[in-house]
Amino acid sequence: MDLKAVRAFVAIADSGQFQKAAVDLALTQQAVSKRIAALEKDLGVRLLVRTPRGAELTIDGQALLPHARALLQAEERAVAAVRPGDRVLRVDVVGRRAATAGLVRDFHRAHPEIRLDVVTLFGVDAAVAAVRDGAVDATFRAVTMPGHPLPDGITATPVLDEPLRLCVGPDHEFARAEWVTPAQLAGHRIWMPGNEPGTEWAAYYDELAATFGPAIDTIGPNFGVEALLDTVADSPTLATFLSERTPLVWPTDHDLRLVPLRDPTPVYPHSLLWRTDNPHPGLTALRAHLAAQPGLTEGRTWRPSWAQ
């Protein structure tokens, strides 16, 4: 498989546009289109469709994407094995809108001289395996989930307690509340379609629900956070959890409210995981940067029993 074509495919998947991918790859848009056409011909399937908004993955394209990323990661590891000097620092941030991505952005601003590659891996098992195998230098995770002990040689240190906020529409019961307690959420429907079984965030919200009684609803397809907020804005009973650290913009007519949770404040406990034998100087700088940040919340907070 032509890795140049695979790289073009991943660039389009990430940017959503042929033109933006061409700029990122320092190629012409025609050259990118030719690489995609050759890849589709080799595979015998359609991977991308052009729309008025840009480019969208077909079902076959969605199936190929994680394998395409793995191919590029394998290529990077092969090159790094023989490249003189310090290689790029690879960090998994879970999601590009997650608070941990903000931590890495702040690190990059403080240390622009350190070459950085930011990736998003799905689930704690894949992330820990990537750290163990050297595919990434570090990952941000909530550890340790029940039944997911860390392998020997991998260390985790807490770096951020992310306070949850209750997101509701203007007609919700708690829309005008200055703050609410987690106990007041008992019986209320909290819609979180992205909570897939087996993930660390699903384990977190499962225990939160068992402790305080809200009904965590994961039913329905996950169309993304924008569609989720559209639904919450129009509902007098539906709510979801967000963080004030999550960079989101919604239409002003949604009139959504982010209501603080107190007594206790549920916090999502992010830790940094890395291999203790990893000598990368950028990793040392990242750990020092995070240690200097006021990331851990004081006062009465709640976190799951497995993350104490």
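Read the figures in this text as sums done on the coordinates, not as results from a lab. Quantities reported herein were computed from a predicted structural model and do not represent experimental measurements. Note that we place each Cβ from the backbone using ideal geometry, even for glycine, and neighbour counts take in every protein chain shown.
For segment 3-82, what does the convex hull of the Cα positions come to per residue, in cubic angstrom? Walk me through the numbers on the way to the answer.
Numbers: hull volume 7.1 nm³, N = 80.
Normalising the Cα hull of segment 3-82 by residue number yields 88 Å³.
Using a 10 angstrom Cβ neighbour count of at most 14 plus a DSSP loop assignment to flag exposed GluC sites (Glu not before Pro), which longest range of the chain is free of such sites?
Values: sites that count: Glu113, Glu173, Glu178, Glu244, Glu298.
Longest run free of exposed loop sites: 1-112.
If you place +1 on the Cβ of every Lys and Arg and -1 on the Cβ of every Asp and Glu, how big does the dipole about the Cα centre of the chain come out, in debye to the nearest 20?
Here the chain has a charge dipole of around 900 debye.
If I fit a long axis through the Cα atoms of helix 281-291 and take the longest principal axis of the Cα atoms of the chain, what angle between them do I get, 0 to 90°, rounded to 10?
10
Could you list the square roots of 5 times each eigenvalue of the Cα gyration tensor of segment 162-266, that is, the equivalent ellipsoid semi-axes, sorted largest first and rounded to whole Å? Show your work: numbers first, answer last.
Values: eigenvalues 73, 59, 32 Å².
Equivalent ellipsoid semi-axes, largest first: 19, 17, 13 Å.
What's the exposure ranking of Asp161, Asp42, Asp277, going from fewest to most Cβ atoms within 10 Å? Walk me through the numbers on the way to the answer.
Values: Asp161 18, Asp42 11, Asp277 7.
With the sparsest Cβ surroundings first, the list reads Asp277, Asp42, Asp161.
For every other residue with a beta carbon closer than 12 angstrom to the beta carbon of Asp14, add +1 if it is Lys or Arg and -1 if Asp or Glu, then tell me the sum.
Working: positive: Arg7, Lys20, Arg69, Arg96; negative: Asp24.
Neighbour charge sum, excluding Asp14 itself: +3.
In whole Å, what is the distance between the alpha-carbon centres of segment 178-225 and segment 107-143?
Between the Cα centre of segment 178-225 and that of segment 107-143, the gap is 26 Å.
Let me understand segment 70-210 better: what is its radius of gyration from the alpha carbons, and its Dmax, in angstrom?
18.7, 61
What is the mean projected area of the alpha carbon convex hull for the chain, to one decimal in square nanometres? Intermediate results must be reported in sequence, preceding the final value.
Details: hull surface 71.1 nm².
With the hull built on Cα positions only, its mean projection is 17.8 nm².
With an 8 Å cut-off on Cα pairs and a minimum separation of 6 or more residues, tell me the relative contact order of the chain in percent.
Details: 483 pairs, mean separation 63.8, N = 308.
With pairs under 8 Å counted, the relative contact order is 21 percent.
Using just the helices of the chain, give the 222 nm mean residue ellipticity in deg cm²/dmol: DSSP H runs with n ≥ 4 each add -39,500 (n - 2.57), and the total is spread over all residues, rounded to 500. Don't skip to the end; give the middle numbers.
Working: 9 runs with 114 residues, N = 308.
Estimated from H runs of four or more residues: -11500 deg cm²/dmol.
Which of Arg90, Arg35, Arg105 has the fewest other C-beta atoms within 10 Å, and how do the rest follow up to the most? Write out the running numbers ahead of the final one.
Values: Arg90 25, Arg35 22, Arg105 15.
In order of increasing Cβ crowding within 10 Å: Arg105, Arg35, Arg90.
Calculate the dipole size of segment 3-120 relative to its Cα centre from +1 charges on Lys and Arg beta carbons and -1 charges on Asp and Glu beta carbons; express the result in debye to the nearest 20.
Working: 19 positive and 13 negative charges, 42 e Å.
For segment 3-120, the charge dipole is close to 200 debye.
Which of these, Leu64, Leu261, Leu166, has the largest mean-square fluctuation under a Gaussian network model of the chain (Cα springs below 10 Å)?
Leu64
If neighbour count is taken as other Cβ atoms inside 10 Å, put Phe9, Phe241 in order from fewest to most.
Result, fewest neighbours first: Phe241, Phe9.
Given the options Val32, Ala307, Thr218, identify the residue whose Cα lies farthest towards the positive end of the charge dipole of the chain (+1 on Cβ of Lys, Arg; -1 on Cβ of Asp, Glu).
The Cα lying farthest towards the positive end belongs to Val32.
Looking at the chain as a GNM with Cα springs under 10 Å, which of Phe107, Phe122, Phe223 has the largest mean-square fluctuation?
Phe223
For Ala183 and Ala74, FRET efficiency with R0 = 35 Å and r from the beta-carbon atoms, rounded to 0.05? Kindly include the intermediate steps, with their values, before the conclusion.
Numbers: r = 49 Å, r/R0 = 1.40.
It comes to 0.10.
About its Cα centre, how strong a charge dipole does segment 162-266 have in debye, to the nearest 20, once Lys and Arg get +1 and Asp and Glu get -1 at the Cβ? Mind dumping the intermediate values first?
Details: 6 positive and 16 negative charges, 42 e Å.
Dipole magnitude for segment 162-266 comes out near 200 debye.
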